[in-house]
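Undergrad: Sharing a structure, written as structure tokens. Questions coming.
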Amino acid sequence: MKLYNEPSPLETRVISKRFGTQNSWRVDTYLATGGMQAFKKACEMTQDQIIDEVKASSLRGRGGAGFPTGMKWSFVPRQSELPKYIVVNADESEPGTCKDRLLMEHDPIQMVEGILIAAKAVGASKGWVYIRGEYRYLIDHMDAVLKECYERNLLGKNILGTGFDFDLYTQTGAGAYECGEESALLESLEGKRGVPRIRPPFPAVSGAFQCPTVLNNVETFSTVPAILNGGGKWYADLGTPRNGGTRLVCLAGHVNKPGVYEVPLGMNMMYFLNEIGGGMLGGRKLKAIIPGGSSCPILSAEECDVAMDYDTMAKAGTMLGSGGMMVMDETTDMVKVALRIMRFYNHESCGWCIPCREGTTWLRKMLARIVDGNGAARDVDLIGDLAQSMLGRTFCPLGDAAALPTISLIKKWRPEFEAYVAKNPFASTELVQVA
Amino acid sequence: MTFSPQLEARFAELLTHYPEGRQRGALIPMLMYAQDEVGAVTQELMEELAKRLGITTLQVDEVTGYYSMLHKKPQGKYHVQVCTNVACMLRGGAELYDHACKKLNLGHKQTAADGKFSLEEVECIGACSWAPAIQVNYDFHHEVTTGKLDEILEGLK
Amino acid sequence: MSNLVKLTINDTPVEAPAGTLLIDAAKTAGIEIPAFCYYEGMSLQAACRMCLVEIEKAPKLMAACVVPVAEGMVVRTESEAVVKARKTTLEFLLTNHPLDCPVCDKGGECELQDMVFKYGAGESRFTEVKHHVPEKQWSPVVFYDGPRCILCYRCVRVCNEGMGVGALGVVNRGVVSEIAPSHGDHLECDECGSCIDICPVGALTSGAYRYKTRPWEMEHTGTICTHCSDGCKTTLGTRNGEIVRGNNRDRSGVNGEFLCVKGRYAFDFNHHPERLQAPLLRVDGKLEEVSWSRALQVLVEKFKAVRDAKGNVGVIGSTRTSNEEAFLLQKFARTVFGTNNIDHHRSGDVATLLDALSGKTGALGTSADCYTSKAVLIIGADLSQQHPFLANQIRANVRHQKTPVYVVTPGAVREDKTAKKAVRAGEDWLAAVENLKSSLASEKELLVVFGDAVKGEGLRKLVALGDSLGIPVKYIALVDYANSRGAMDMGLLPDLGPGYHAVEGKAGLTLPQMLAATDLDLVWVVGANPLKNASLGSSKAFVVVQDLFRTETAERADLVLPAASAYEKNGTVTNTCGEVQRLMKAADTVGAKTDLAMFGLIARGLGVNLGKVDADNVFAEIQKTVRGYNVPLPVIVTGGAAQTQAVNGRVPSNVLPELIRSAGDTLFTTGTLTKYSKVLNEVMEGPGGLYR
Ligand SMILES: Cc1cc2nc3c(=O)[nH]c(=O)nc-3n(C[C@H](O)[C@H](O)[C@H](O)COP(=O)(O)O)c2cc1C
Ligand code: SF4
Ligand code: FES
């Protein structure tokens, strides 16, 4: 399978090491390149030992929220009459993100092995890989991979003679960003509308089909075999304290070498942009970076000289999110960016709760009016105020995801909004009606 | 309602994936795969799946309306989806979409009279690092330029 | 109690049992936390975000509707952040909500209106174009106006969880989400209207009520529904003496806010154009309108003649008139005419049940028991069709307490879906119940609810089987109409007087015997239609009918007196569980009189003394003389339900099982009244059928 972009020699390829190699997705290749050793190792360990190893790696979820993975696994009740399940979040819908598809295209069995280890750690018997519907080619590919895994006894009964049984299936989504949110995903898996659930209970206690469930991102599972092979400490040391290992960053936007690259956590963002990403497209000036998918507050050029790890980014007022990094040069119209982002969240709002459903609609309409040249003077403040009114008040984090970038845009690029409004000769009129 | 033997086999296999009594889990995959064969999520299809899964047609309808890839009306033989979300927008996605509109003489979610093409401006399709991207049916095309778009469209029979 | 949790809300110490939701704990402390989507007894949504409050140490505002109380919790419900959040939530809500309050049915009793008035901002900052979709009609009684809908999902839940119907759902996504009916563009459901009632705004409106009046222009009277025998309280809204609405939003009465299609809409028979408004006298073979004085004159003369000649009299009473009327009718027949030829349409074997239970206390089930009993056995009844309220109680019991329900019916019923065991059996129901014996015996207690198939010896065997289970068992004998039970208790029976005492002298003729007899001189039918599918054997009989309409029986009458309906009188009725409740006069039909008033006028004409003929006085006599009816008056007077007691001692009845037969009404029929209810005739489902 071919790569969509050239790898960079400056990457640290832990989970992407098989990318681009011949037949990398086949069982034979996988076994020949050290595959399934970690699983065999896990079979010799106790459940606590596996979880402790993952904790030691300070692996944090790669889906967006960055929750410590080992801790999440430890929440699954040991004693339970209910069956336990594994769910893989392969919904990959956060704008700017295109990494999970590569993991599944090039090294799907690495993910399968990670799933098996997680299953072993919590005592799960069955799992689903929930893949966004747009990735049909990938679902078909995964179906073929899983079929081979069954044929080669990497799945099914008595896996590789370890006495461990596990079934894994693909499940297609059908076009809904919200189904990336873990509880909405579980609803979707049960054949329902992708509306999030009230939590607690969390999936670890009541997840798929109301049974204890480990739900992680594709990349998170894909990382687990390396952790067991190399040891938690080795993995942790690749990154910075509390931010273990490497992660895939999807570089997009105005750069010379956009692409998906694996880098250690804590790498400097400007270094990444210039050395791996080949610098700004056309030599233009950097204006802003969305560091980890469109849900993150946007960094202005001056703020981009930061280490890319969870804690540093939090200090910078933003997030590493899903690793979808979008770079914008000086020509970028930030008002249009604000509108495009709001259009997305409005389109994807599930409609369950009021602040998100109505807030994103109102903001979308207002931003569209401003871009159309019909902005009113008071709109600029209103945008900030409405976004602030959504923040922390919605049923699920989608509302926050819509509010956060908007707030940062209004705060950091306010003059651009004001300039739009100033072009409207009626801007100071109190009521502006547009059909 | 009858489906092809392949689809029936796929349904039969799917239904084994879920815990006992929770076969409703198969609803969304069944809708997706059946839509590919039937061309749309018709009333008849909703009723059929409701019957098979022991739920009401309304419950199927609730689900169908929620997901943006499920359509009650048939789309063109080639459903052209142009992403204009941020990453693509930064690399000319919006212009690409405008070009597609003109080229196909269609607007958002419109289908040509002859049923060959339909067009949709879509949200991020997960190809951001290789933007701008489009999908024709389930096929991805990366780093699409207006010229390349013309080529792709002209290559479709 | 040891599991009380101590917390502080707005600096007030509050105690609540562990597990209590914060919103409810605040309520008991007198602190209102506003909410739209939260609804007691229904699944949690946390969707409207109106109930956000500040909890110390929580990183953001929390939804009080889903957070349980915790020890030491410090809560603020009126802090600056909370107040601002509410304001913007309301502002968000109003962005797409049309401000058509002046024409909206809900105006004046709209939760959104109230909430905006109390918590909202003075002006809106929204200047965009509102999302609009046209209003839709889903059924003759249900309209949906999408733009007004605030998506609180109450209707969806009341239909699915409450009614067990699931006819409403949510379609589309995001801001264009809307509520949708079961069948594409229309509803096929129970048409109970609960969704309309529970809607906090005017999104769902009633075809029967819309645009008729404003809430504040109505008078509201809480009375008892006259249709089935479950005894739901219905609050009738009247304007200018005409009933325009029925609901029970104040949750008074045994039924809380529950009402079925009949309770909510089928009051409309009351102002049907064919309502009788003047007496009819047969002149030259034809019924002609005459004045009340002329009618009474003819009647009194006839009654006098028959009495004095010791002629043969047959009296047929009603299953819908009040206890007072039933009592006085039998008293009249027995004391004035000296006859026991008195009966009514019997639909359940209450007499045998009371006899079989004699000596036991606490074995009569109440409507509340349907919700609290730890196990339920249903025999031979399609409850959700025939007894919608009891069915609702049992459903809620299952939903809230996961109570096991056993079903033994001749066909499929809605209760099957959630039943622990459902078996099909008709006449052979007893064998089926015997098969369930070991399961039943493993329950902690049992409530048996049975229909007309269970009677006579079979019923005695059932009680014996109940005794052998070794657990407390209660019974409810199902009967058909609003006062079917009262008719029996009051002694509208040829062999039993009030309170199931044996009659003096020989037992009289039963209803079929009266119809067949060829020698009756006078037949007096009060509020019944026995000739609907039968003819009268005695061609010489002078027939007097008191009724609301010109029924088949009225057509055979020599004299027809226009009667007031149950909604036009005071008095009491007894539901199928033996609960006595008060009827309150809500409306008036010009020209009609209550049956009680008629009895008084006739007695005066005849010069007989029946005591002071008013409802309170007659009820006092009932309390004294009818076994089981020595119930506390204050309970009834204040609109409550007083459970009658089992009779102490044997019931000397020679029950003829073949006389006991339910009319088999469905949700959409109500005996003779069916014909006169426009709504019941319009709903697409009506009349439906049992066991399907
Ligand atoms: C609106 C929304 C969308 C999300 N979309 C995704 C997604 O597409 N893929 C993903 O892995 N996680 C997504 N998440 C995060 C998941 O809820 C969840 O935290 C994650 O899958 C857990 O896995 P991890 O711990 O391995 O990151 C989303 C969250 C929200 C609130
Ligand atoms: S969302 Fe709450 S948040 Fe709330 S009232 Fe409705 S239910 Fe509460
Ligand atoms: S923004 Fe277009 S594929 Fe992601």
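The values are calculated or read from the model by the stated rules, or taken from the named source; none is laboratory data. On a predicted model such as this, the values are computed, not experimentally measured, just so you know. Don't worry about glycine lacking a Cβ; one is built from the backbone with ideal geometry, like all the others, and counts go over all protein chains shown.
Undergrad: Report yes if some residue within the range C:576-584 is over 24 Å from the mean Cα position of the chain (by Cα) and surrounded by 21 or more Cβ atoms within 10 Å (Cβ to Cβ); otherwise report no.
TA: no
Undergrad: Checking the structure you have, find out if any residue of the range A:182-199 is among the aliphatic types (A, V, I, L, M), out of contact with any Ser or Thr (no Cβ under 9 Å at 6 or more places or on another chain) and more than 30 Å from C:CYS65 (Cβ to Cβ).
TA: Checked against the condition, which is being among the aliphatic types (A, V, I, L, M), out of contact with any Ser or Thr (no Cβ under 9 Å at 6 or more places or on another chain) and more than 30 Å from C:CYS65 (Cβ to Cβ), the range A:182-199 yields no hits at all.
Undergrad: Let me ask something additional. Taking only pairs six or more apart or across chains, which ones have beta-carbon atoms under 6 Å, a first residue in the range C:534-547 that is assigned by TED's automatic domain parsing to the domain that holds C:VAL560, and a second residue that is assigned to a loop (DSSP other than H, G, I, E, B) and crowded, with 19+ Cβ neighbours inside 10 Å?
TA: Within 6 Å, the pairs are C:SER538/C:LEU520; C:ALA541/C:LEU520; C:PHE542/C:ASP558; C:VAL543/C:ALA557; C:VAL543/C:ASP558; C:VAL545/C:ALA557.
Undergrad: Here is a further query. Given the structure, is C:ALA46 within 14 Å of another protein chain (Cβ to nearest Cβ), touching a strand residue (DSSP E or B) at 6+ places or on another chain (Cβ under 9 Å), surrounded by 15 or more Cβ atoms within 10 Å (Cβ to Cβ) and modelled with pLDDT of 95 or more?
TA: When the stated conditions are applied, C:ALA46 passes them.
Undergrad: Residues being in contact (Cβ under 8 Å) with a residue 24 or more places away in the chain and out of contact with any Asp or Glu (no Cβ under 7 Å at 6 or more places or on another chain): count how many of those fall in the range C:256-273.
TA: 12
Undergrad: What strands (runs of 3 or more DSSP E), lying completely within the range A:228-311, carry at least 1 residues that are away from chain B (no Cβ under 14 Å)?
TA: Filter on the range A:228-311 gives A:246-253, A:259-264.
Undergrad: If you don't mind, another one. Restricting the search to the range B:32-55, which residues are within 12 Å of chain A (Cβ to nearest Cβ) and either touching a residue at least 24 places away in the same chain (Cβ under 8 Å) or surrounded by 20 or more Cβ atoms within 10 Å (Cβ to Cβ) (or both)?
TA: Hits for the range B:32-55 are B:MET32, B:TYR33, B:ALA34, B:GLN35, B:VAL41, B:LEU49, B:ARG52, B:LEU53, B:GLY54, B:ILE55.
Undergrad: Sticking with this one: So, in the range A:319-347, exactly how many residues are under 24 Å from A:TYR261 (Cβ atoms), under 22 Å from the mean Cα position of the chain (by Cα) and either of a type in the set (Gly, Ala, Ser) or not in a helix (DSSP H, G or I) (or both)?
TA: 10
Undergrad: Exactly one condition in (1) crowded, with 19+ Cβ neighbours inside 10 Å; (2) within 30 Å of A:GLY96 (Cα to Cα) is false for B:LEU58; which is it?
TA: Result: B:LEU58 passes all but (2).
Undergrad: Sticking with this one: Please go through the range B:100-135 and pick out each residue that is away from ligand 1 (no atom under 16 Å from the Cβ) and hydrophobic (A, V, I, L, M, F, W, C).
TA: Within the range B:100-135, B:ALA100, B:CYS101, B:LEU104, B:LEU106, B:ALA112, B:ALA113, B:PHE117, B:LEU119, B:TRP130, B:ALA131, B:ALA133, B:ILE134 qualify.
Undergrad: Residues in the range C:1-56 that are among the charged types (D, E, K, R), away from ligand 2 (no atom under 16 Å from the Cβ) and either over 19 Å from C:VAL74 (Cβ atoms) or not in a strand (DSSP E or B) (or both): how many?
TA: Qualifying residue count for the region: 2.
Undergrad: Examine the range A:135-145 for a residue that is touching a Ser or Thr at 6+ places or on another chain (Cβ under 7 Å), within 14 Å of another protein chain (Cβ to nearest Cβ) and not in a helix (DSSP H, G or I), and state whether such a residue exists.
TA: Among the residues of the range A:135-145, not one is touching a Ser or Thr at 6+ places or on another chain (Cβ under 7 Å), within 14 Å of another protein chain (Cβ to nearest Cβ) and not in a helix (DSSP H, G or I), which makes the answer no.
Undergrad: In this structure, is A:GLY191 assigned by TED's automatic domain parsing to the domain that holds A:ASN153, modelled with pLDDT of 95 or more, in contact with a Gly (Cβ under 9 Å, 6 or more places away or on another chain) and within 16 Å of ligand 3 (Cβ to nearest atom)?
TA: no
Undergrad: Here's a follow-up. Inside the range C:180-202, can you point out the residues that are buried (at least 24 other Cβ atoms within 10 Å of the Cβ) and without any contact (Cβ under 8 Å) to a residue 40 or more places away in the chain?
TA: Passing the criteria: only C:ALA180.
Undergrad: Out of everything in the range A:348-363 that is touching a residue at least 40 places away in the same chain (Cβ under 8 Å), at the interface with chain C (Cβ under 7 Å from one of its Cβ atoms) and assigned to a helix (DSSP H, G or I), what residue ends up being farthest from C:SER124 (Cα to Cα)?
TA: Going through the qualifying residues, I end up with A:PRO355.
Undergrad: Has the range C:357-367 got at least one residue that is in the same structural domain as C:LYS532 (by TED's automatic domain parsing) and part of a strand (DSSP E or B)?
TA: No, because not a single residue in the range C:357-367 is in the same structural domain as C:LYS532 (by TED's automatic domain parsing) and part of a strand (DSSP E or B).
Undergrad: Can you name the residue in the range B:41-98 that is within 16 Å of ligand 1 (Cβ to nearest atom) and part of a helix (DSSP H, G or I) and is also farthest from C:VAL170 (Cα to Cα) among such residues?
TA: Across the range B:41-98, the extreme among qualifying residues is B:ALA87.
Undergrad: Filter the range C:63-76 for residues that are assigned to a strand (DSSP E or B) and within 39 Å of the chain's Cα centre (by Cα); which is farthest from ligand 1 (Cβ to nearest atom)?
TA: Only one residue tops the list, namely C:PRO68.
Undergrad: Same structure again: Give just the number: which of (1) at positive phi; (2) under 17 Å from the mean Cα position of the chain (by Cα); (3) not hydrophobic (A, V, I, L, M, F, W, C) does C:GLY380 not satisfy?
TA: Result: C:GLY380 fails condition (2) only.
Undergrad: Wholly within the range C:369-474, which strands (runs of 3 or more DSSP E) include no fewer than the required count, namely at least 3 residues that are over 24 Å from C:PHE258 (Cβ atoms)?
TA: Counting at least 3 such residues, we get C:421-424.
Undergrad: Could I ask something else about it? Please name all residue pairs, on different chains or six or more residues apart, with Cβ atoms under 7 Å, provided the first residue is in the range B:20-31 and is more than 7 Å from chain A (Cβ to nearest Cβ) and the second residue is of a type in the set (Phe, Trp, Tyr) and assigned to a helix (DSSP H, G or I).
TA: B:MET30/B:PHE11
Undergrad: Of all residues being out of contact with any Asp or Glu (no Cβ under 8 Å at 6 or more places or on another chain) and without any contact (Cβ under 8 Å) to a residue 40 or more places away in the chain in the range A:390-417, which is farthest from ligand 1 (Cβ to nearest atom)? Just the residue, please.
TA: Residue satisfying both the conditions and the ranking: A:PRO415.
Undergrad: Let me ask something else about it. For the range B:116-142, what are the residues that are outside any helix (DSSP H, G or I) and without any contact (Cβ under 8 Å) to a residue 24 or more places away in the chain?
TA: Matches in the range B:116-142: B:GLY126, B:TYR138, B:ASP139, B:PHE140, B:HIS141, B:HIS142.
Undergrad: Taking A:GLY373 and the conditions (1) over 26 Å from the mean Cα position of the chain (by Cα); (2) surrounded by fewer than 17 Cβ atoms within 10 Å (Cβ to Cβ); (3) under 29 Å from C:CYS149 (Cα atoms), which numbered condition does it fall short on, given that it satisfies the others?
TA: Tallying (1) over 26 Å from the mean Cα position of the chain (by Cα); (2) surrounded by fewer than 17 Cβ atoms within 10 Å (Cβ to Cβ); (3) under 29 Å from C:CYS149 (Cα atoms), A:GLY373 fails exactly one: (3).
Undergrad: If you go through the range A:147-198, how many residues are more than 14 Å from ligand 1 (Cβ to nearest atom), more than 14 Å from chain B (Cβ to nearest Cβ) and of a type in the set (Ser, Thr, Tyr)?
TA: 1
Undergrad: When only residues in the range A:61-92 that are within 26 Å of B:VAL86 (Cβ to Cβ) and surrounded by fewer than 24 Cβ atoms within 10 Å (Cβ to Cβ) count, which is farthest from ligand 1 (Cβ to nearest atom)?
TA: A:GLY66
Undergrad: Could you tell me which residue of the range C:598-618 is nearest to C:LEU633 (Cα to Cα), considering only residues that are small (Gly, Ala, Ser) and under 30 Å from the mean Cα position of the chain (by Cα)?
TA: The qualifying residue nearest to C:LEU633 (Cα to Cα) is C:ALA615.
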